[in-house]
Amino acid sequence: MRLGGQAQNKMLDIGYFADGIWSHNAFKIIANDPNMQICFICVRRGSDDKILAKFAADYGIELF
């Protein structure tokens, strides 16, 4: 985005609602994007997604 002739970078804060293999791959892409920050992860009720739980712990993200 340009404002007054200068580039302006803003971080996009997101909540990540996900579970399953597709979400693991997408998490890696988002986590490596310098313009995005995952503020929390919310897995499907009853889901025991240990991989997303590990990502949350490794990246210091709150898990619901």
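Expressed as a whole percent, the accessible area of the chain that falls on carbon and sulfur atoms is 56 (1.4 Å probe). A cut-off of 5 Å between modelled amide H atoms, ignoring neighbours fewer than 5 places along the same chain, links residue 16 with 39, 40, 41, 42. Among the listed options [x] 1.25; [y] 1.04; [z] 1.32, the one matching Cα Rg over 2.2 N^0.38 Å as calculated from these coordinates is [z]. Under 23 Å from the Cα of residue 10, which lysines turn up, not counting those fewer than eight places away in the same chain? Those lysines meeting the cut-off are 28.
The values are calculated or read from the model by the stated rules, or taken from the named source; none is laboratory data. As the structure is a computational prediction, the values presented were derived from the model and not from experiment. Accessible surface areas use protein heavy atoms only, side chains included; no ligands, DNA or RNA. Shrake-Rupley method; radii C 1.70, N 1.55, O 1.52, S 1.80 Å.
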